[in-house]
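One structure below.
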Amino acid sequence: QVQLVESGGGLVQAGGSLRLSCAASGRTFRYYAMGWFRQAPGKEREFVAAISGSTDSTHYADSVEDRFTISRDKANNTVYLQMDSLKPEDTAVYYCAGRPDYGVLVRTREYDDWGQGTQVTVSS
């Protein structure tokens, strides 16, 4: 079992930046795909960004392309989400997800492990 713990959420003004972190602990895998999702009140959980379990390949939702950057530190089993030029519509609870896999996973149903979420609020 893998435990995922997010941190770094908070309140920021529109145009500002935040960096989310997700630390993985417990059972480790050589290839572990990870991603970020978000869920706003009254809406379904949606894909934000993902990184390959075997390479540095990444994929982003259209709504965050060129503003958000996903990266990972394999030595510390941590994945990051750098969020720049934040907009009020980015307000949501952000979840980290993971699964032993070689590829880039973009669907919620593809992930086995989930964090508890961290709140991001962007004021206008």
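The values are calculated or read from the model by the stated rules, or taken from the named source; none is laboratory data. A quick note: this is a predicted structure, and the numbers were derived from the prediction, not measured. As a convention, Cβ positions derive from the backbone with ideal geometry for all residues, glycine included, and neighbour counts pool all protein chains shown. Side chains included, ligands, DNA and RNA excluded: accessible areas come from the protein's heavy atoms. Shrake-Rupley method; radii C 1.70, N 1.55, O 1.52, S 1.80 Å.
Could you point to the residue in Leu105, Ala23, Ala61 farthest towards the positive end of the chain's charge dipole, with +1 and -1 charges on the Cβ of Lys/Arg and Asp/Glu respectively? Comparing the listed Cα positions along the dipole, Ala23 ranks first. For the chain, the solvent-accessible area of protein heavy atoms averages 52 Å² per residue (probe radius 1.4 Å; ligands and nucleic acids excluded).
Protein heavy-atom surface of the chain, 1.4 angstrom probe: 43% of the accessible area is carbon and sulfur, with nucleic acids and ligands not counted. According to the Cα-based calculation, Rg over Rh for region 21-124 is 0.95, with Rh computed by the Kirkwood formula. Among all stretches of the chain without exposed chymotrypsin sites (Phe, Trp or Tyr not before Pro) (DSSP loop, at most 14 other Cβ atoms within 10 Å), which one is longest? Counting only loop sites that pass the neighbour cut-off, the longest clear stretch is 32-101. Less than 12 Å Cβ to Cβ from Gln1, Lys/Arg counted +1 and Asp/Glu -1: what total charge do the surrounding residues give? Here the count lands on -1. Rounded to the nearest 20 debye, the dipole magnitude of the chain is 280 debye, with +1 charges on Lys and Arg beta carbons, -1 on Asp and Glu beta carbons, and the Cα centre as origin. For region 1-97, GluC sites (Glu not before Pro) meeting the loop criterion (DSSP other than H, G, I, E, B) and having at most 11 other Cβ atoms within 10 Å: Glu44, Glu65. Karplus-based coupling profile of region 110-121, in residue order and whole Hz: 7, 9, 9, 10, 9, x, 8, x, 9, 7, 10, 10, with θ = phi - 60° in 6.51 cos²θ - 1.76 cosθ + 1.60 and x standing for Gly or Pro. Residues whose amide H lies under 5 Å from that of Leu86, counting only those 5 or more places away or on a different chain, are Gly15, Gly16; hydrogens are built 1.01 Å from N in the peptide plane. Here region 71-124 and region 11-47 have alpha carbon centers that stand 2 Å from each other.
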